[in-house]
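Here's the structure we're looking at; comments come further down.
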């Protein structure tokens, strides 16, 4: 159908326009001399060269010659020419018309090629800009399909071929290639464009693989730091509550007769308090056991942040029955693909840190929102606050910040473990400027775009 349309358009130019010039030769008076007609025929050839292909230009030149000869030279309505000057002029016309048409067609072809190259360059710039936001190679296919449609008239089908990746054996990389309907059907310009596009896209794929490899390295570092923190938590402070509990229990056994009721109650409360402290350490030990030795299995499930929050609040209420934690969350939040037990422990550590900082009876606001492709949790409290110079240091292992008696002494591992767990999930934990009315704010982030299997192992 396209070929028939092109043919009919060509006939319009190489037959229709010379016919109009021929009719103009019958105008009355001296308006249409032979010289004028030859110039008009030449103009028709040049116009045809701008609108049609090379074959149409040649056809237009010969049709113009035969029409001029047949209708306007002596003898009229015959292909014979008696006038030598007219014969020479006609031959010169044909030669010059063919040459001018050829030059014009070549210039037109170069202009079209330059416009196409400009369009292709704009597409490359756009592609380079978009590739910076892509995290997976397959995301580039819609853009490549648009390029194929707009520049190559959908004759090219782009394909992604699996290849080795910088990210390691657990990740398959891709390289770009293309297919054409028929072998050897590409011109030199198109093939050069495709080679440039292939090199550009493959370079972008290599950068993606490098970024993934760096993320894996960072994640392994976070895993190791988390495992080390949990191990250190047990080895560093496990003996302290045990010694206290043994001492209090021994006193109750050996000095029962000489102890007052208040002393006995104080020793019992000490045993209960240290038991809860020991329970916290054992929980860290259990979390460490879940993490495994040397690797971190993340058994992901789709859970809502509200579900995790309510589980954490049950634990908090048992340990801090007078807590004043208020949840402020959007009604509809997308689910998270996370290791629920680890996120619960991280949130428990964050809430416990806020309660210890502000006091059990102090208000704590938990603000949950979606920001772009992340779930963000702000935990604000009325504690004395931290100087900005300490905002990063509080996430170090065994780091404790004391300001007189303002802070309850802790192990310095709660926030370190919290950050490690969130970073293992490609999120983060950081101290930010508090909202009005609060003195301290912990910001927790989790991405929404984690697509993983229920059991995912890093190696």
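The values are calculated or read from the model by the stated rules, or taken from the named source; none is laboratory data. Being a predicted model, the structure only gives us computed values, none of them experimental. A quick note on method: Cβ atoms are made from the backbone with ideal geometry, for glycine too, and the neighbour counts reach across all protein chains shown.
Is it the case that residue 93 is modelled with pLDDT under 80, closer than 24 Å to residue 55 by Cα and assigned by TED's automatic domain parsing to the domain that holds residue 37?
Judged against the criteria, residue 93 is a match.
The single condition among (1) under 22 Å from residue 394 (Cβ atoms); (2) in contact with a strand residue (DSSP E or B) (Cβ under 9 Å, 6 or more places away or on another chain) that residue 344 does not satisfy is (2). It is to be established whether one or more residues within the stretch 146-162 are crowded, with 18+ Cβ neighbours inside 10 Å and modelled with pLDDT under 75. For the stretch 146-162, residues crowded, with 18+ Cβ neighbours inside 10 Å and modelled with pLDDT under 75: absent. Selection of the stretch 313-327 for residues being loosely packed, with under 12 Cβ neighbours inside 10 Å and within 16 Å of residue 366 (Cα to Cα) yields 314, 326.
Each row is one residue, and each column tells you yes or no for (1) part of a strand (DSSP E or B); (2) closer than 18 Å to residue 437 by Cα; (3) in contact with a helix residue (DSSP H, G or I) (Cβ under 7 Å, 6 or more places away or on another chain); (4) not assigned by TED's automatic domain parsing to the domain that holds residue 314.
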position	(1), (2), (3), (4)
360	no, yes, no, no
364	yes, yes, yes, no
370	yes, no, no, no
378	yes, yes, no, no
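For the stretch 139-159, the set of residues classified as touching a residue at least 24 places away in the same chain (Cβ under 8 Å) and either part of a helix (DSSP H, G or I) or out of contact with any strand residue (DSSP E or B) (no Cβ under 6 Å at 6 or more places or on another chain) (or both) consists of 140, 144, 147, 150, 151, 152, 155, listed by residue number. As a summary of the residue check, residue 457 satisfies the conditions (1) at pLDDT 60 or above; (2) surrounded by 12 or more Cβ atoms within 10 Å (Cβ to Cβ) except for the one numbered (1).
Okay, residues lined up against (1) in contact with a strand residue (DSSP E or B) (Cβ under 7 Å, 6 or more places away or on another chain); (2) modelled with pLDDT under 85:
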site: 354; (1), (2): yes, no
site: 391; (1), (2): yes, yes
site: 400; (1), (2): no, yes
site: 411; (1), (2): no, yes
site: 430; (1), (2): yes, no
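For residue 81, the requirement of being in a loop (DSSP other than H, G, I, E, B) and surrounded by 15 or more Cβ atoms within 10 Å (Cβ to Cβ) is met. Only residues that are modelled with pLDDT of 80 or more and either out of contact with any helix residue (DSSP H, G or I) (no Cβ under 7 Å at 6 or more places or on another chain) or not assigned by TED's automatic domain parsing to the domain that holds residue 91 (or both) were counted across the stretch 63-74, and they come to 2. Residue 26 meets each of the listed conditions (1) assigned to a loop (DSSP other than H, G, I, E, B); (2) surrounded by 15 or more Cβ atoms within 10 Å (Cβ to Cβ); (3) modelled with pLDDT of 75 or more apart from (2). Restricting the stretch 216-237 to residues that are farther than 14 Å from residue 422 by Cα and surrounded by fewer than 17 Cβ atoms within 10 Å (Cβ to Cβ), the residue that is modelled with the highest pLDDT is 217. Restricted to the stretch 287-309, and to residues there that are assigned to a helix (DSSP H, G or I) and at pLDDT 65 or above, the residue that is surrounded by the most Cβ atoms within 10 Å (Cβ to Cβ) is 305.
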